[in-house]
Structure formats: structure tokens, C-alpha cells
Amino acid sequence: MPRDTTDPTRRALQILAFMQARSSASAEEIAERLGVTTRTVRRDVQRLRDLGYGIESTAGQGGGYRLVAGSDRPLLVLEPEEASAVVLGLAHLTDLGLSGLEDAALSALAKVSRTMPPQVSAAADKVRRGTAVIGNRDAGTPAEHVARLAEASAERRTVTFAHRRAGRPTGRRVDPYRVVSFAGRWYLFAWCHLRRDWRTFRVDRISDLHVTTLRYTAIPSPDPVATVKEAVLRSPYALVARVIVEAPADQVRARISPHAADVVPAGLGRCLMTVGAHEAEWVAVHLAELRLPMQVVDPPEVLEAIHRLGHDLISVRTAADPDVARIID
């Protein structure tokens, strides 16, 4: 049974919180949640109406109470777990790799904290102070760009911008489908009218962004998240290696960073790992760290680099030579 259900004020706040999270709630559901009778619930609901909250009753099967759309809504009411989630999200918002959010996040955190009961606020603050996020984050991506592109994607509006990749920026007109965060950066997955194909753009390289009034008709697209991940892992590198590892995909993923390779199941007890790099020697070292049986699919340079690495490691010997010992001393 929830605590403090004998306090009418606390019960009223709990009822408001319950109705905020649902389109409607029956007296029986609320009573079970609070551990009180349906008669008590009806009395508390009437008390809230007397205070000016717009709560209407719906009849029939599945009926109950709901907050009236467009009426004055109550102050935000959060359960302790919800409060901790909100505080953690606001406190670590800048770890998403977006610039221009620090002041807004701190202001929002202060406002949310003031709406919480003291004990809930104190518990949430302990969670915030007791956590930290480590990672490579790029704070060069404007939060406004991410927000505007996400909104344009939701509203199916065509956008134009200048995109800088190598050399001078090029003008682009695209239909945005999704904004994706991966490996500390933000990317836009969109249909590019210039290339007549699907493209991935780094948001921090976008300038002169303009959301047009033109709406586009959505067409079937590849999976945005998978496409962005593949583009990030492959496109910057001259060498892309594919290796069959004789171990389940979950086991391999646990041993390698998701930012470094793509790992997918490839049959019973096997997986296919795809990794991009500038040099075959780098791939060889990371494959050796897995300490699992594997087969190199391509390119041959990776297999040659693995053999060279093995030969070099075998040639390492203990410093038992007296002359070596004298040098160390």
C-alpha cells in the first residue's frame, strides 16, 4: 500500500499524477493504486473539481476519469523514480554532444527541483551527484539544428542547407527522415535531391539551415539507425574488413566497442564483424585482442597483417641475456 494515503492532499496529488500519465483512469484503478476505497477516490476527485481542475467522467465499459483537454493543467507531479529519471536526463544533457544547452538544462533542472517535495528532490539530487558520464562527446553540434531537423522530420518538411565535408560547402535540398546520435556525434538521415539517393550528413557540418513550407510524401526507406551506423563505420576509412568470428554475436559485442565495429549473427554460434580502419595493422591488433577463432573474409591485407603480428609476437623473448641485464642495471 502506498505511504501517506491518509493525507487527503497527498492523495489528490497522487490522483493527478496518475491521470497525467494516462488518457483515462477508472475509480477502481485509482483505488487499487492508492490502496483506498472507490468512495474515497470519488470524494477526492470532487475535491479536485472544487479547486478548479477540469476532470470529467466517462460512462460505459472502460470509463473513468480524465483531465479535460485545454483546461488548466496541474503542476507537474512526479513519483520518486520519475523525478530521478528527469534529474539525470537534465544533469547529463550536455553529454549528448550538443552545444547551447548548458544554461537551459540548468534552468530547467532548477524549476523541476522546486516543484518536488523536499524528500523527493533530495533523493534525486543524490542520484545526480553520484553519477557521471564518460565518453567522447563533440560539443560543436548546435542544439537548435538538431531540434529544427527533428521537427522537420516529424512534419515531413523539406529543408535546405550548406554541408561542409571536404573543401567548400555544397548546397543541399533534402527530405529529412531521422536525426541519429552515434559515437558522440549527431547525423541527419535524409533523401538528397542533389544525389537522388539516401545520404547521411553530420549535423555539425551543416550551416545556413532553412526549413521550407514544402511537405514531402514519405517513401520506403532503409533503416535510419542501421544506415547511419554503417556510414560512420565505413565511409571515413580506406579499408573495410569483414571477419567471421567463431563465437556468438553477444559475446563478441561485449569485447569490442560498438563505435569500432558492427557485429551481426552469422549462423549458429558465429557472427560477422565489419570494421573500418586506415591501416590493416590496426585491425589485426584489435582482432588479436578478441582471443577467439576467426576467418578473414576480406581484404587479404588484414590476414597478412595478422600473420606478421603473430610472427613479431613469437619473436619476443625474455631478457635473459647478461648484456641486456647489465644495460638495465
Selection from region 142-200 of residues in contact with a strand residue (DSSP E or B) (Cβ under 7 Å, 6 or more places away or on another chain), polar (S, T, N, Q) and within 23 Å of Pro220 (Cα to Cα) yields Ser153, Thr158, Thr160, Thr200
In the set Leu90, Leu98, the lone residue that is crowded, with 17+ Cβ neighbours inside 10 Å and modelled with pLDDT under 70 is Leu98
Residue hits (region 30-47; open to solvent by 70 Å² or more (accessible area, probe 1.4 Å) and either assigned to a helix (DSSP H, G or I) or hydrophobic (A, V, I, L, M, F, W, C) (or both)) are Glu32, Arg33, Arg39, Arg42, Arg43, Gln46, Arg47
Counting only residues that are under 15 Å from Ala261 (Cα atoms), open to solvent by 80 Å² or more (accessible area, probe 1.4 Å) and modelled with pLDDT of 85 or more, region 211-235 contains a total of 0
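Taking Arg33, is it over 25 Å from Pro80 (Cα atoms) and modelled with pLDDT of 80 or more?
no
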The number of residues in region 149-169 that are open to solvent by 50 Å² or more (accessible area, probe 1.4 Å) and in contact with a His (Cβ under 9 Å, 6 or more places away or on another chain) is 1
(Q) Criterion first (open to solvent by less than 50 Å² (accessible area, probe 1.4 Å), closer than 23 Å to Ile256 by Cα, β-branched (Val, Ile, Thr) and in a strand (DSSP E or B)) does Val180 satisfy it? (A) yes
Flagged in region 48-80 as assigned to a loop (DSSP other than H, G, I, E, B) and either touching a helix residue (DSSP H, G or I) at 6+ places or on another chain (Cβ under 6 Å) or modelled with pLDDT of 65 or more (or both), in numbering order, are Leu51, Gly52, Tyr53, Gly54, Ala59, Val68, Pro74, Leu75, Leu76, Val77, Leu78, Glu79
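The values are calculated or read from the model by the stated rules, or taken from the named source; none is laboratory data. Just so we're clear, the structure is a prediction, and the values are computed from it rather than from any experiment. When we count neighbours, we look across all protein chains shown, and the Cβ atoms used for this are built from the backbone with ideal geometry, even at glycine. For accessibility, only protein heavy atoms count, side chains too; no ligands or nucleic acids. Shrake-Rupley method; radii C 1.70, N 1.55, O 1.52, S 1.80 Å.
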